[in-house]
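Working notes, beginning with the structure itself.
What follows is calculated from the coordinates using simple rules that are stated; it is not laboratory data. Every value quoted in this text rests on a predicted model; they were computed, and no experiment measured them. A quick note on method: Cβ atoms are made from the backbone with ideal geometry, for glycine too, and the neighbour counts reach across all protein chains shown.
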Amino acid sequence: MNLPLAAMVLIAVALCGANTACEGEEHRTVENVPYASPLEVLFSPDGARLYVLCQGSDEIRVLDAASYAVTAKIAVGHIPRGFSLSPDGATLFVTNTWDDTLSVIDTKALKVTATWPVGAEPSSVVEDRAGTRLFVANRISNDVVVLDAATGVEEKRLLAGRGSSYLTLSPDGSRIYATHVYPNPDAQRTGIENRTPPESEITVIDAGRAVVVDRMPLHHIAGVFHVAFSSDGRLGVVAEYHPKNMIPLAHLEHGGAFEDTITVFGADVGGTVEVPLDELERYVSQPFGVAISPDKSRIYVTSGGSETVTVIDVPRLMRFIHAHPAPFVQDLSASANYVVARIAVGLNPRGLTLTRDGRTLLVANRLDDSISVIDTRTNQVKTTVKLEGPKTISAIRHGEQTFYTARYSFQGEIGCANCHIDSTFDGITWNLEPDGFGRNIVDNKLLEGVKDTEPYKWTGTNPNIPTECGPRTEKYFWRSENYDNLTLADLTIYLRSLDPRPSRWKLAGYQLTPAQERGKALFERAVDKFKKTIPELNRCAYCHSGPKGTNQKLFDVGTHKANDNAGLLKSAPLTSIALTAPYLHDGSARTLEEIWTVYNPDDKHGRTNDLTKDELNDLIEYLRTR
Amino acid sequence: MKKLCTLVLLLVAGTVVMAAPAPGNVTRTSALPKMPRFRFENFTTANGLPNDHVYAVLVDGNRIWAGTDNGLAVYENHAWKTYTTKDGLAHRAVISLALDKNTGDVWAGTMGGLSRISGGRIDSFTQLNSGLSNDVVYGVSVEGENVWVATAAGACRLNLHSNQWSLYNERNTPMFEIWSYSVSATPTKVYYGIWGSGVLEYDQKTGKWDKYDDPDGETEMVLFKDQGLIHEIVTSVSYVDNVLWAATYFGDSHYDGRYWHNFLKKDSGLPSNFTNVVKGVDAKRAWFGTDKGLAYYDGVNWAVYTPSLKDGKPEMTVRDADGTVTPVAVTTAPAHNYILNIDFQGDDIWVATAKGLSHGIREKQ
């Protein structure tokens, strides 16, 4: 049953009743209000300006670095994610994720002088030292595109990790380090479920030749974010998620679901070493931004779900990792050897930057439109700069804050965003407790477009989002604290507000290519190639009907595995299906092709075994437009 | 009647060529043509190769990639490293290789799919997990954002920007047989050598296909030698300087877009008509890998490099424009007479053979 937003709010307000937490909050607007949502911060080379990337308001704000007064606002493309300055500071480059463009800003005039097309969902950009090439990480096309820095003309695309997102130039300018937010595809099939620990990488690009020269493996990692280097280039650090998806998600104690880690590397380390940020009974969920102080004495790491900055003493960390045999990641007591402070900041802290003298650290708090200004000598927040924006918190904003925070879970280990990175998915499969240990392996699904696709869970046992995200989540994930009714309603409203990203496989004007047209005809066909009528339940377009590609009913499509409990499977939505591998309820199909080449021997998941390989390719080309 | 006369003339001409002096029985009246000479260094399992059956070789700057029967080996800094299926390689038998000169990525066609080697990471595409038409990948070539693939079930193209696979076969090209053996892609044309269906040409500008067949049909006779492709069973194509070189099991062809010129053992310096590979240097010069040795054609003269088929001793012969064959004293030869693949490294040559990989180091003359 679909509930209009207004009705949802009314119900939530009614349920709120005597709950004091709701007082004064029941009149939140359900409109999507454009908050600034600062994601990244950056000083000009002379330290006089602070550039703030405001993802929610599609702009760059320029602040006086002394007074933090806003001196300019520069409109850029839709949902910017990354930015960087040219080596001379004369140009600011901004990636716009929904437009697939790069904004080029003249920092003297503070105006956009060019907007260049780049790859799909550009997320980060750096220019080489010579100022001849730009490198842009593209999250959807999984690559780093190389552009002529003067003209924006594309030179080449380098294969990066899946969900390519963040780039860092080494201090000597010789290398670019690229990270990615989704784990790389499994290299090999491992059995009927294809379950393997996630594998990620830091892609190392030779900046001079613009070729990939190395891929530093990050084992068991799914979600890799910013990289930072010491000024001498001898120490690198990357923030990352370490999910425990290969074991049943039975409890959160002792890092049972996630660990929050950094990997340090470089000459000082002599390899790559993963170390935990968490403590035995307290977690710093969703590490994202990293910085190393100019004197290499401290590493700072933001944790978006825990609303903290972790401060690491570098000499102590080095002594620890050189004195003890790795691995350290299973030992949550290890962090006591090198973590010297946890600094509470605003909601969903993300990007951070240090002043040139290293005495001040600035942190962008995305979900409360503020910047925390931290004195690095005392590890105290000196001041919090509030950015201009709406004065009230909308229901959607409150829901988003709820989505990202880890405060509801036991010891603050996880938030929704741990498995739904940037409100999407994580590309891995999980074994959740309620269905039994080792039973019902579940592929984590995309949240965009989730509105009006109930029931939820692949068994269809959750009739609506409040059930999915309320009791189920509270009992089996958080295990510590429940949402009050208004918070659950706002979380629901937020999830229902998540629109699908634009399809990168559709032509302008939504015309289909010839291959897509042929695939669409196959998708909609009612007669097979032997001129036999295909039963209704065996037609793609019957189960995957409607704008989101689901008729919201349950079926047996022959994909049950021996470790699945009995029952039918919900017809999965097709929203952005090109992006969301692996597939099927348990993620056993690594690619769209495998749904039919491996897991449809009896034509129960649609009549497809009469198709030639060309035709199956056409069908997939059409599906990729959904 | 005209055809009959032509046939008689050709047969007579063939007899004349076949009557040319055999190696060792020469009386030279002119200077020996200057043909490249090499010192061959051979690699086998004895010095680092994972297997002696080397199907493909690829020069990548200072790195040499060798596709063997048991893994993909790379030679760098005087040491071999081998990638196997444990590293993600689609299959242990690597039968074709191509370099994406833009990105440095290497593409390996195997008996079980297509693998991309990029910065040490291997991603593999198969007929089950991707749009690849067939797992047996005989040929691969990279041009711009497209990877062109020759498989046992047709040709296909992977667009690296859109990840779209386009399949080409008997349903949408003039390809009668779908056993695609070789591909050579350039910015203007893409050529496929089809085992039993001649040469296919794809025009990059128009997106249209054309076809070149043996005018003598599928017979093994050569009635009209230079009127078209020498034979339908095409094993290798190489397009360079707007000239197509095509190898077949029954001789080789050169096509400049207007005229065909064919080579047979009986009237050229080819050591055998059974040719596994041809690689053009330019419009005039090419290297041929046959079952009876490695051959070089400079536009006029021929040179053949092989271990003797009789006693295995190194041999080199030079055949001049007059058809005079002169043996040249050499101390090294390719690892085996059965040549499967060729690539160039400056003036040096790398040769994949049935019994090892050979590095021909060019000698100063």
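Here is how the numbers come out for the structure above:
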item	result
Distant-in-sequence amide H partners of B:Phe38 (H built 1.01 Å from N, under 5 Å)	B:Glu363
Chymotrypsin sites (Phe, Trp or Tyr not before Pro) lying in DSSP loop within region A:519-566, provided at most 14 other Cβ fall within 10 Å	A:Phe530
Magnitude of the charge dipole, chain B, Cβ model with Lys/Arg +1 and Asp/Glu -1, debye to 20	520 debye
Only Lys, Arg (+1) and Asp, Glu (-1) charged, at Cβ; the protein assembly as shown dipole about Cα centre in debye	980 debye
Virtual paramagnetic centre 7 Å along Cα→Cβ of A:Thr612, amide N under 20 Å, in region A:512-550	A:513-532
P(r) weight above 28 Å for region A:365-498, C-alpha pairs, percent	24 percent
On Cα atoms only, tilt of A:485-496 relative to the major axis of chain A in degrees	80 degrees
Which of A:Ala406, A:Val126, A:Ala334, positive extreme of dipole for the protein assembly as shown (C-beta unit charges)	A:Val126
In sequence order, calculated HN-Hα J values of region A:29-39 (Karplus, 6.51, -1.76, 1.60; Hz; x Gly/Pro)	6, 9, 6, 8, 8, x, 6, 5, 6, x, 10
Cβ-Cβ FRET estimate between B:Lys101 and B:Arg362, R0 fixed at 22 Å, reported to 0.05	0.45
Amide H contacts under 5 Å for B:Val277, placed H, 5+ residues apart	B:Gly289
Charge dipole (the protein assembly as shown, unit charges on Cβ, about Cα centre) - positive-most of B:Leu132, A:Phe530, A:Tyr483	B:Leu132
Amide H within-cut-off set for B:Glu315, under 5 Å, with H built and near neighbours excluded	B:Thr306, B:Ser308
Average projected area [Cα convex hull, region A:508-623], square nanometres	7.4 nm²
With Cα atoms, 0 to 90° folded angle of helix A:613-623 axis to chain A main axis	60 degrees
Added length on full extension, which subtracts the Cα-Cα distance from 0.36 nm per residue, A:Ser44 to A:Glu279	81.0 nm
Burial ordering of A:Leu554, A:Leu352, fewest other beta-carbon atoms within 10 Å first	A:Leu554, A:Leu352
Using θ = phi - 60° and Karplus 6.51 cos²θ - 1.76 cosθ + 1.60, couplings along region A:421-436 (whole Hz; Gly, Pro as x)	4, 6, 6, 10, 8, 10, x, 10, 10, 10, 10, 8, 5, x, 8, x
Estimated FRET transfer efficiency when R0 is 25 angstrom, pair B:Phe224-B:Ala152 (beta carbons, to 0.05)	0.25
Chain A: equivalent-ellipsoid semi-axes (sqrt of 5 x gyration tensor eigenvalues, Cα, Å)	38, 28, 26
C-alpha center-to-center spacing [region A:552-626, region A:46-120] in angstrom	42 Å
Segment A:Gln330-A:Asn482, length gained on full extension (0.36 nm per residue, minus Cα span)	51.9 nm
Distance cut-off 36 Å, percentage of C-alpha pairs in region B:42-362 lying past it	14 percent
Selected from A:Ala160, A:Val373, A:Leu554, residue furthest toward positive end of dipole (the protein assembly as shown; charges at beta carbon)	A:Ala160
FRET efficiency for B:Ala321 and A:Lys531, using Cβ-Cβ distance with R0 set to 60 Å, rounded to 0.05	0.40
Simple label model, 7 Å out from Cα along Cβ direction - A:Asp232 to B:Tyr259, nm	7.0 nm
Residues A:Trp98, A:Trp505 arranged by fewest to most Cβ contacts within 10 Å	A:Trp98, A:Trp505
In order through region A:79-92: 3J(HN,Hα) via Karplus (6.51 cos²θ - 1.76 cosθ + 1.60), integer Hz, x for Gly, Pro	6, x, 10, x, 8, 7, 9, 5, x, 8, x, 7, 10, 10
Distance in nm between pseudo-label sites at A:Ala250 and A:Thr355 (7 Å out along the Cβ direction from Cα)	5.2 nm
Local electrostatic count at A:Arg407 - Lys and Arg +1, Asp and Glu -1, tallied over other residues with Cβ under 11 Å	-3
Projected label distance in nm at B:Asp347 and A:Phe437, using a 7 Å step from Cα toward the beta-carbon	7.1 nm
